[in-house]
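The values are calculated or read from the model by the stated rules, or taken from the named source; none is laboratory data. Note that the structure is a prediction, hence the values are computed from the model and not measured. Quick reminder, even Gly has a Cβ in these numbers, built from the backbone with ideal geometry, and neighbours come from all protein chains shown. Ligands, DNA and RNA are stripped out before the accessible areas are found, and what is left, the full protein with its side chains, is counted by its heavy atoms. Shrake-Rupley method; radii C 1.70, N 1.55, O 1.52, S 1.80 Å.
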Amino acid sequence: MHRVVAALAAFGLLALAPLAPSFAQPASSSAMLANVKAKGSVRCGVNPGLAGFSFPNRDGSWQGLDVDICRAVAAAVFGDARKVQYVPLSAKDRFTALQTGEIDLLARNATWTLARNAQLGITFVGTNFYDGQAFMVKANSGTKSVNDLKGASVCVIQGTSTEKTLADYFSSRKMAYEPVSFADADAVAQAYLGGRCDALTSDQSQLTAVRSLTPDPKAHVILPEIITKEPLSPAVRNGDDGWANVVRWSFYAMVEAEELGLSSKTVVGMAGTSTDPAVQRFVGKIDSLGPMLGLDKEWAVRIVEQVGNYAESYDRNIAPIGLARGVNRLWRDGGYLVTPPVR
């Protein structure tokens, strides 16, 4: 056989290549997954305080849409959504913490961009919130549009893509402005609320969160223009596709559960009674998808039972701050949210 292959190659009819194809290591041999299991918890980088996404309660527990990603991964890996070590990180330090191994997973309202993907050595696993950069002003300012901000002072978080797109937007329209920047998100918000600037710019979700925590939310208006697309995604370090898949499909399980009509209240019952092949596959009755990820067959059931589906997480965390689901609805409902087929 080797002689036939060599002969064909000699005549240019076949390129010489190894007879056995080279495959990446399966998730079950993922070094990162093994390391996380050995530690007994997932170290998850989160925002130190962003209503709706990541916020510490008075009892020390954490809640939010991003926090639920951390909890979903813990439920999948350990069978217990509580096995998470939360690491609060500033915008400046979030990617460094991931690069250096301080955290296993970053779930901190981070925009998926080409430069970050290509230069920082990190892998974004899936958009869990579609956002966009906007501007907030005082309701009594008379400002109705971003075009009214010519010559205005604008508060912005230093060292973020938001700061760069702010500069790009005003420069491309030949509009003068005065940036007022701070490294800390709380400092930026306080500067705006204290009158240090005419407007505050950030992702629409962050502006909504800031407004929701003010004494009088109606005193602040988010202008109608959305000037960028900001797909927010959890991220892991490059180099371990198996671990990336565990995190990716833990999030996708929450979205798929909503599409299948499975919730924290119904998933266990439907796991035992449903004859729908898609549900049977999801709950591990057929096809054994879990072992392909290095997990057991009921990994997805535990995620939904302990954390909920995407709609439950959204309604619990984002809806209360006053942000309609909009484009973050399922694809079948006219939104952008879609998972690859779970099969």
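Laid out as a table, the results:
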| quantity | calculated |
| --- | --- |
| Solvent-accessible ranking of Ile226, Ile286, Ile303, largest area first, probe 1.4 Å | Ile226, Ile286, Ile303 |
| Net dipole in debye of the chain [+1 Lys, Arg Cβ; -1 Asp, Glu Cβ; about Cα centre; nearest 20] | 240 debye |
| Solvent-accessible area of Ser41 with every protein chain in place, 1.4 Å probe, in Å² to the nearest 10 | 20 Å² |
| Heavy atoms of Trp331 accessible to a 1.4 Å probe, total area in Å² rounded to 10 | 130 Å² |
| Cα-based Lys pair tally, the chain, threshold under 21 Å, eight or more apart or on separate chains | 17 |
| Reported label for calculated mean projected area of the Cα convex hull in nm² given (1) 22.8; (2) 18.7; (3) 25.6 | (1) |
| Per-residue ³J(HN,Hα) for the stretch 114-125, Karplus 6.51 cos²θ - 1.76 cosθ + 1.60, θ = phi - 60°, Hz, x for Gly and Pro | 4, 4, 5, 5, 8, 9, 8, x, 10, 10, 7, 9 |
| Top of Ala257, Ala110, Ala319 by mean-square fluctuation, Gaussian network on the chain, Cα under 10 Å | Ala319 |
| Whole-angstrom gap from the stretch 108-170 to the stretch 293-343, using each part's C-alpha centre | 25 Å |
| Heavy-atom accessible surface of the chain: percent carbon and sulfur, 1.4 Å | 53 percent |
| Within a Gaussian network of the chain (alpha carbon springs, distance under 10 Å), most fluctuating of Ala278, Ala199, Ala115 | Ala115 |
| Expected 222 nm ellipticity per residue - DSSP helices of 4 or more, -39500 (n - 2.57), all of the chain, to 500 | -10500 deg cm²/dmol |
| Contact order relative to length of the chain, as percent, for alpha carbon pairs under 8 angstrom and 6 or more apart | 23 percent |
| Spin-label model distance (nm) - Asn35 vs Asn238, 7 Å beyond Cα toward Cβ | 1.6 nm |
| Listed residues Asp68, Asp186 arranged by accessible area, highest first, probe 1.4 Å | Asp186, Asp68 |
| Net length gained if the chain between Tyr336 and Thr273 were fully extended (0.36 nm per residue, minus Cα distance) | 19.6 nm |
| Rounded to the nearest 10 Å², the accessible area of Lys92 at probe 1.4 Å | 150 Å² |
| Residues with amide H under 5 Å from that of Phe53, placed H, sequence gap 5 or more | Leu65 |
| Counting DSSP beta bridges with both ends in the chain, the antiparallel % (nearest 5) | 55 percent |
| Check: the stretch 134-229 dipole with +1 on Lys, Arg Cβ and -1 on Asp, Glu Cβ, in debye | 280 debye |
| Å² per residue, accessible surface of the stretch 68-203 at 1.4 Å | 42 Å² |
| Residues whose placed amide H lies under 5 Å from that of Gly45, excluding near-sequence neighbours | Val87, Asp104, Leu105, Leu106, Ala107 |
| Length gained when the stretch Asp148-Leu114 is fully extended (0.36 nm per residue, less Cα-Cα span) | 9.1 nm |
| Residue among Ser202, Ser250, Ser172 with the largest mean-square fluctuation in a Gaussian network model of the chain, springs linking Cα atoms under 10 Å | Ser172 |
| Two-site FRET efficiency, Lys285 against Lys138, from Cβ-Cβ distance with R₀ of 51 Å, rounded to 0.05 | 0.35 |
| Long-range amide H partners of Trp62 with built H, under 5 Å | Asn57 |
